[in-house]
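Asker: Structure incoming, see below.
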Amino acid sequence: MNSYLWNLKFKNRMEYNFREIENKWRGFWAENKTFKVTEDQTKPKFYVLDMFPYPSGAGLHVGHPLGYIASDIYARYKRLQGFNVLHPMGYDSFGLPAEQYAIQTGQHPALTTEENIARYRDQLDKIGFSYDWDREVRTSSPEYYKWTQWIFKQLFDCYYDNKTNKAERISNLVSVFEANGNSEINACSDCETIFSAAEWEAFDERKKEEILQEYRLAYLADSWVNWCPALGTVLANDEVVNGVSERGGHPVEQKLMRQWSMRIKAYAERLITGLDTVDWTESIKDQQRNWIGKSVGCSLQFQIPNSKFRIEVFTTRPDTVYGVSFMVLAPEHPFVDQITTAEYAEAVANYKKEASLKSERDRQADVKNITGQFTGAYAIHPFSGEKVQIWIGDYVLASYGTGAVMAVPCGDQRDYDFAKHFNIEIINIFADVDISEAAYTEKDAVIANSDFLNGLDAKSAIKKAIEVIEAKGIGKGKTNYRLRDAVFSRQRYWGEPFPVYYKNELPYLVDDVNLPIELPEVDKYLPTEDGEPPLARAEKSAWNFSQGHRMEYNTMPGWAGSSWYFLRYMDPKNEQAFVSKEKADYWKQVDLYIGGSEHATGHLLYSRFWTKFLFDQGYIGFDEPFAKMINQGMILGRSSFVYRVKDTNKFVSNYMKDQFEVTALHADISLVDNDKLDIEGFKAWRSEFANAEFICEEDGSYICGNEVEKMSKSKYNVQTPDELVEKFGADTLRMYEMFLGPLEQSKPWDTKGINGVHNFLRKLWRLFNIDESGKANVSAEQPSKEALKTLHRTIKKMSDDLDRYSFNTGVSNFMICVNELSDQKCNNKHILQDVIIMLSPYAPHICEELWIKLGNKEGEINFATFPKFDEAMLVEANISYPISFNGKMRLKIELPTAFGPKEVEEAVLANADAQKYLDGNTPKKVIVVPGKIVNIVM
RNA sequence: GCGGAUGUGGUGAAAUUGGUAGACACGCCAGACUUAGGAUCUGGUGCCGAGAGGUGUGCGGGUUCGAGUCCCUCCAUCCGCACCA
């Protein structure tokens, strides 16, 4: 039967009506709660999570669902494999935009947030995600932030014990203080004073609390913070990029403020080693390692003659200690004024002033410019006993290490440059190394000129030096981290209130029974006249609970709620605990986490920190939150341009624009189809174009130019998923977003190919020969060998591709499969049913519909069994062997599959076509890879 | 400067352990059918060449019977870090 007759036979068939189908199944899933999950002990679990969105006023554009679609496909695939899949969604709904909007309009951020969430939900529902919406969480709801507050309380009530290497309760610490003081405590702490048990007992409540604050994992301290005047709040280090705020790009300055902080430093080592246990990209792991900035070395003290001061430095190269020819302190170092001699006092004061006027950003930008000032003071080299000059210089950072360095110009380029610039002696302590041009920073030279270190390589010299330093009691082996404690207060309204009140300005925790502390109503979302945060505006009666002299006025940062939300999904309604131990033990880690890579040093680090803490305290049984993570690439926009001839209202088509002097203007992409401008639409778009004239191509069309840019409203290149769902349906959108290319890669959005995917679904639909009554005309007979081969090849490729998260090749597999089945005129029920089971993760609506058309029960396709691959179905009697000569493929020869290498070789050499290429020569060698290829070497 | 990623037709891309480079799709060309549709179907389409053939995965080398894939050098683009002692 030719194709025309084939089409005629089913002339009256029903077309693929995606609108009707998708509406129907969206409703069905919601009504029947198809994707609701419980902790089913009889099934293995699988946890697939998306980074939850901040519900912004702009809604979703096509870039957002990319990751959601991939994770949904994976979740649905895992269900078909018999897993009990937790696949939830929620909203990170505290944050600045809603608050900024509130400041402008007076509208309560809760209302804006509510509206935005409704819009997001509507958009998400249209795409057909298989979320269990009964588990939705919102970080801004009191039922949720009650537990954020509760976790904060636990952090406040714990310290980090370096001996047990985990977080322990403050009450343990107090018992030790009462029994022995703090001399035997080895904890992560800012406490520098040593006290005895008797001294502890004698301290008053204020003093005791001050000391405890230096141990607590959540603590209040005066610290230098990134103050952003434009946003009226402090920012964490990861929220400051190149000296300006990440959001809005406002300037940031350093300010000393009393702030809540999180002692994340305590976990620095575990945050590094834990990276080896998770399957994330190297790039993200490197970013985290970099941010934590571990360096191993030792501390070392330098005496100052006739002075009580000793300058402590941190160095990673104690092996180069004999190369020290001067020292440099940060201008802010506390000893500077006290050691500076009278002769240099003025110069030092001037230098300090200059340095203080430079912002952090300027200091970084000014690396090339070497500055410094001699203090007139000297230190004694701890080994040689020689006097070395003490300088101050802003290349030494007050906030890293001890704020002082021993300068080794022969081994450190910065020290070298400094020494050259100020004509300070450079001692060479490397054997056979030339340092006349630059410092030698490699660690492969032999040490010389260094007394007891002579002849050693760097590695053993470092070890030896530390031993001697420790034996002399002038320092010890030490590991330093660049990671700073994270500031945890924000002077804003729209965030979690702290479960904290003050009595005589000492902080106390609110009892659990009084949680949550809800956000009080305020008259304005602005700071008070005297600069207190917005919450200070609240009347005492506006608080649902208050105690002491006042409540805490700061709120928590954005990352508080997002640091543990993946745990709440496991047990979202629990009123007794943030998550029950049983449920956490069932669901465990997130098995697959999909989201953007921009959270590398923020959310992804903080949630690892909190997870480790909650693990230490026994609330959960794992200490890494996300076992496997994939970072989806950004979807860029494709902007369209029209070209206006200068000083006119005439527009010239792309290919002729070079003949004129033109200005390129963005044209709204909804007015452009295949680069062809809808001229009437364009005239109507904006009044200034109403009378525009157009210089068109010969066929009368106006062709636009195009360019790839970030998607944004101002570039008129935003594609919302809604328009595409309307035009092509959700199944087409889902498949097309996957078809675009590998998930991790950034790519421009272009709808050019979307018809291809849409046509694929139509072609699939046609295979079922659905007549006007809506019945599929399929054969229930034994499928053909051909069809089985197509099916099983597809099964194999689909499971392989999904197992390696290759979603784009998955789409091609289906296209090949449907193309082949169409060619075979296959309408076999068994084959088609297995195909739609496999396809249902990608295109769930159409597959649900086809599933019932085959006479199955509604909704059951979601829990069907993924077809099993049978190798035997692919076995053929013959193989078409590619025959290459010297590695170049020349011809193919059909040979029996059963042939061994020898038989293949003989058959090939006997073949007439092959002999043509041999041209009478005897091959040097014949390589036969059975089932694959033959290579003849001439 | 350091670290990571990427580089394949006109376009998006595929090639999982070294084994037929360009699957699949878009676009384009030619054609069929027609109740004219964003429909369907057939054939073609890396480049050069009329053809035989040659050539081809950023550049240049190497290993191998055989390299997009492994090794070395270099180039380009993107991302992160960057006085961290």
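Asker: What number of residues within segment A:510-535 are surrounded by fewer than 17 Cβ atoms within 10 Å (Cβ to Cβ) and either in contact with a strand residue (DSSP E or B) (Cβ under 8 Å, 6 or more places away or on another chain) or on the phi > 0 side of the Ramachandran plot (or both)?
Answerer: 2
Asker: Can you tell me how many residues within segment A:577-601 are closer than 17 Å to A:Phe622 by Cα, touching a residue at least 60 places away in the same chain (Cβ under 8 Å) and assigned to a helix (DSSP H, G or I)?
Answerer: Total satisfying the criteria: 4.
Asker: Of the conditions (1) surrounded by 17 or more Cβ atoms within 10 Å (Cβ to Cβ); (2) within 10 Å of RNA strand B (Cβ to nearest atom), A:Gly931 clears all except one; give me its number.
Answerer: (1)
Asker: Right, something else. Quick one: which of A:Phe622, A:Phe615 is outside any loop (DSSP other than H, G, I, E, B), under 30 Å from A:Ala486 (Cβ atoms) and modelled with pLDDT of 90 or more?
Answerer: Result: A:Phe615 is the single residue among A:Phe622, A:Phe615 that is outside any loop (DSSP other than H, G, I, E, B), under 30 Å from A:Ala486 (Cβ atoms) and modelled with pLDDT of 90 or more.
Asker: Continuing with this model, one more query. So, in segment A:276-299, how many residues would count as being part of a strand (DSSP E or B) and in contact with an Asp or Glu (Cβ under 7 Å, 6 or more places away or on another chain)?
Answerer: 1
Asker: OK, next. With part of a loop (DSSP other than H, G, I, E, B) and either crowded, with 18+ Cβ neighbours inside 10 Å or within 16 Å of RNA strand B (Cβ to nearest atom) (or both) as the only criterion, which of A:Leu231, A:Leu220, A:Leu155, A:Leu212 stands out?
Answerer: A:Leu231
Asker: Just need a number here: residues in segment A:271-303 that are of a type in the set (Val, Ile, Thr), touching a residue at least 12 places away in the same chain (Cβ under 8 Å) and either more than 17 Å from A:Arg484 (Cα to Cα) or in contact with a Leu (Cβ under 7 Å, 6 or more places away or on another chain) (or both).
Answerer: Count: 5.
Asker: Scan segment A:208-221 and report the pairs whose first residue is farther than 18 Å from A:Tyr501 by Cβ and at pLDDT below 95 and whose second residue is in a helix (DSSP H, G or I) and of a type outside the set (A, V, I, L, M), with Cβ atoms within less than 7 Å and a gap of 6+ or a chain change.
Answerer: That search, which allows pairs on different chains as well, returns A:Ala221/A:Gln213.
Asker: Output yes when any residue across segment A:290-307 is more than 15 Å from RNA strand B (Cβ to nearest atom) and modelled with pLDDT of 90 or more, and no when none is.
Answerer: yes
Asker: Also, quick follow-up: Given the condition in contact (Cβ under 8 Å) with a residue 60 or more places away in the chain, over 18 Å from A:Met838 (Cα atoms) and not in a helix (DSSP H, G or I), answer yes or no: does some residue in segment A:778-801 qualify?
Answerer: Yes: one or more hits.
Asker: Considering only residues that are more than 20 Å from A:Ala877 (Cα to Cα) and under 51 Å from the mean Cα position of the chain (by Cα), which ones fall in segment A:887-936?
Answerer: Result: A:Gly887, A:Lys888, A:Met889, A:Arg890, A:Ile927, A:Asn935, A:Ile936.
Asker: Does segment A:383-395 hold any residues that are assigned to a loop (DSSP other than H, G, I, E, B), at pLDDT 90 or above and within 15 Å of RNA strand B (Cβ to nearest atom), and which are they?
Answerer: Matches in segment A:383-395: A:Gly393 only.
Asker: So which residues in segment A:810-832 are polar (S, T, N, Q), in a helix (DSSP H, G or I) and crowded, with 17+ Cβ neighbours inside 10 Å?
Answerer: Residue satisfying the conditions is A:Asn813 alone.
Asker: Another one. In segment A:100-129, how many residues are under 25 Å from A:Glu22 (Cα atoms), assigned to a helix (DSSP H, G or I) and of a type in the set (Phe, Trp, Tyr)?
Answerer: 1
Asker: Which is crowded, with 17+ Cβ neighbours inside 10 Å, over 29 Å from A:Asn631 (Cα atoms) and of a type in the set (A, V, I, L, M, F, W, C), of A:Ile795, A:Ile770?
Answerer: A:Ile770
Asker: Which numbered condition in (1) over 17 Å from the mean Cα position of the chain (by Cα); (2) crowded, with 18+ Cβ neighbours inside 10 Å is the only one that A:Lys255 fails?
Answerer: Only one criterion in (1) over 17 Å from the mean Cα position of the chain (by Cα); (2) crowded, with 18+ Cβ neighbours inside 10 Å is unmet by A:Lys255, namely (2).
Asker: Hey, among the residues in segment A:717-761 that are farther than 12 Å from A:Glu22 by Cβ and more than 11 Å from RNA strand B (Cβ to nearest atom), which one's surrounded by the fewest Cβ atoms within 10 Å (Cβ to Cβ)?
Answerer: A:Thr720
Asker: With A:Met629, A:Met656 as the choices, which residue is among the hydrophobic types (A, V, I, L, M, F, W, C) and touching a Gly at 6+ places or on another chain (Cβ under 9 Å)?
Answerer: Checking each option against the conditions leaves just A:Met629.
Asker: A further question follows. In this structure, is A:Lys459 more than 8 Å from RNA strand B (Cβ to nearest atom) and over 41 Å from the mean Cα position of the chain (by Cα)?
Answerer: no
Asker: Looking at A:Ile311, is it within 13 Å of RNA strand B (Cβ to nearest atom), under 23 Å from A:Gly411 (Cβ atoms) and in a loop (DSSP other than H, G, I, E, B)?
Answerer: Spelling it out, it is not the case that A:Ile311 is within 13 Å of RNA strand B (Cβ to nearest atom), under 23 Å from A:Gly411 (Cβ atoms) and in a loop (DSSP other than H, G, I, E, B).
Asker: Evaluate the following for A:Arg766: is it more than 14 Å from RNA strand B (Cβ to nearest atom), part of a helix (DSSP H, G or I), in contact with a helix residue (DSSP H, G or I) (Cβ under 9 Å, 6 or more places away or on another chain) and modelled with pLDDT of 85 or more?
Answerer: no
Asker: While we're looking at this one, here's another question. Condition first: within 16 Å of RNA strand B (Cβ to nearest atom) and free of Cβ contacts under 8 Å to residues at least 40 places away in the same chain. Can you find one or more residues in segment A:827-850 that meet it?
Answerer: Checking segment A:827-850: not a single residue is within 16 Å of RNA strand B (Cβ to nearest atom) and free of Cβ contacts under 8 Å to residues at least 40 places away in the same chain.
Asker: Would you call A:Ala268 within 23 Å of A:Lys476 (Cα to Cα), more than 10 Å from RNA strand B (Cβ to nearest atom), in contact with a Gly (Cβ under 9 Å, 6 or more places away or on another chain) and among the aliphatic types (A, V, I, L, M)?
Answerer: yes
So that you can scan it fast, the table gives a plain yes or no per residue for (1) modelled with pLDDT of 90 or more; (2) not aliphatic (A, V, I, L, M):
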{"residue": "A:Lys420", "(1), (2)": "yes, yes"}
{"residue": "A:Glu437", "(1), (2)": "no, yes"}
{"residue": "A:Ile462", "(1), (2)": "yes, no"}
{"residue": "A:Val468", "(1), (2)": "yes, no"}
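Asker: With A:Thr865, A:Thr809 as the choices, which residue is under 28 Å from A:Leu592 (Cβ atoms) and away from RNA strand B (no atom under 12 Å from the Cβ)?
Answerer: A:Thr865
The values are calculated or read from the model by the stated rules, or taken from the named source; none is laboratory data. Predicted model only: the values in this text are computed from it and were never measured. No Cβ is skipped: glycine too gets one built from the backbone with ideal geometry, and neighbour counts run over all protein chains shown.
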